[in-house]
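Notes follow once the structure below has been shown.
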Amino acid sequence: IEITADGGLQTYTITFDMQGGSGGTESVEAPYTLGLSSITPPTRTGYTFGGYYTEADGAGEQYYSYDGNSAKTYDRTSDITLYAKWSANSYTVTLDAAGGTGSGTVTAVYDVDMPEITMPTRTGYTFGGYFTLQNGGGEQYYNADGTSAKQYDKADGLMLYAMWSANSYSVTLDM
């Protein structure tokens, strides 16, 4: 135990780098060799908080757990900055083929391109992508070739609708 000149317990400042999160405790005083006081964890849309670590992205030593409780005693003799660890959440996205074949679901990860899909088909029509509203309205999440049109940005599941364009055919009459 480290004691100050006036007989008190030596404390150090822990500053929290929320790494894109907000609303949590910003700093605490940490008494040397004792457990840490509980904190309010930060929040971040589309992500789950995994604790505070000595290095970014959950590397190094963990000092706080996901629920804001101490994960270990403070064993440093200086102030420190701890970094939030975040895990992107996964969501179920339902694909409505809107009259075609190939409806189903995919698992989308927040802030990541949409996952691969099996292209839907519809006789007499050309696929134009998947959208948040019917008939190609709203936001487009898949291109006409089935590739991702954007990263997933909803903090919940979603229904996407296929957009179809009627094919044109030339008919020649032989008289």
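See the values below:
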read-out	value
Residue ID - nearest to residue 48 (Cα to Cα), chosen from residues in the stretch 111-127 that are open to solvent by 30 Å² or more (accessible area, probe 1.4 Å) and in a strand (DSSP E or B)	113
Subset tally (residues that are on the phi < 0 side of the Ramachandran plot, surrounded by fewer than 17 Cβ atoms within 10 Å (Cβ to Cβ) and in contact with a Ser or Thr (Cβ under 6 Å, 6 or more places away or on another chain)) for the stretch 14-26	2
Where residue 69 falls short, out of the listed (1) touching a strand residue (DSSP E or B) at 6+ places or on another chain (Cβ under 6 Å); (2) more than 29 Å from residue 113 (Cβ to Cβ); (3) among the polar types (S, T, N, Q); (4) open to solvent by 30 Å² or more (accessible area, probe 1.4 Å)	(1)
Cβ-Cβ under 8 Å pairs, at least 6 apart or on other chains, the stretch 27-46 side more than 17 Å from residue 72 (Cα to Cα), far side in a strand (DSSP E or B) and open to solvent by 60 Å² or more (accessible area, probe 1.4 Å)	42/22; 43/22; 44/22
Residue tally, condition part of a loop (DSSP other than H, G, I, E, B), among the small types (Gly, Ala, Ser) and free of Cβ contacts under 8 Å to residues at least 40 places away in the same chain, over the stretch 129-155	3
Residue count for the stretch 128-148, restricted to those that are surrounded by 14 or more Cβ atoms within 10 Å (Cβ to Cβ) and over 17 Å from residue 94 (Cβ atoms)	4
Any hit, the stretch 156-165, residues being under 29 Å from residue 57 (Cβ atoms), in a loop (DSSP other than H, G, I, E, B) and open to solvent by 40 Å² or more (accessible area, probe 1.4 Å)	yes
Of all residues making up the stretch 27-47, the number that are within 12 Å of residue 84 (Cβ to Cβ) and surrounded by fewer than 14 Cβ atoms within 10 Å (Cβ to Cβ)	1
Meets criteria (over 30 Å from residue 60 (Cα atoms) and either in a strand (DSSP E or B) or within 22 Å of the chain's Cα centre (by Cα) (or both)) for residue 94	yes
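The values are calculated or read from the model by the stated rules, or taken from the named source; none is laboratory data. None of these values were measured; they are calculated from a predicted model. FYI the Cβ positions are ideal-geometry reconstructions off the backbone, even for glycines, and counts take in every protein chain you see. SASA here: full protein model, heavy atoms, side chains in, ligands and nucleic acids out. Shrake-Rupley method; radii C 1.70, N 1.55, O 1.52, S 1.80 Å.
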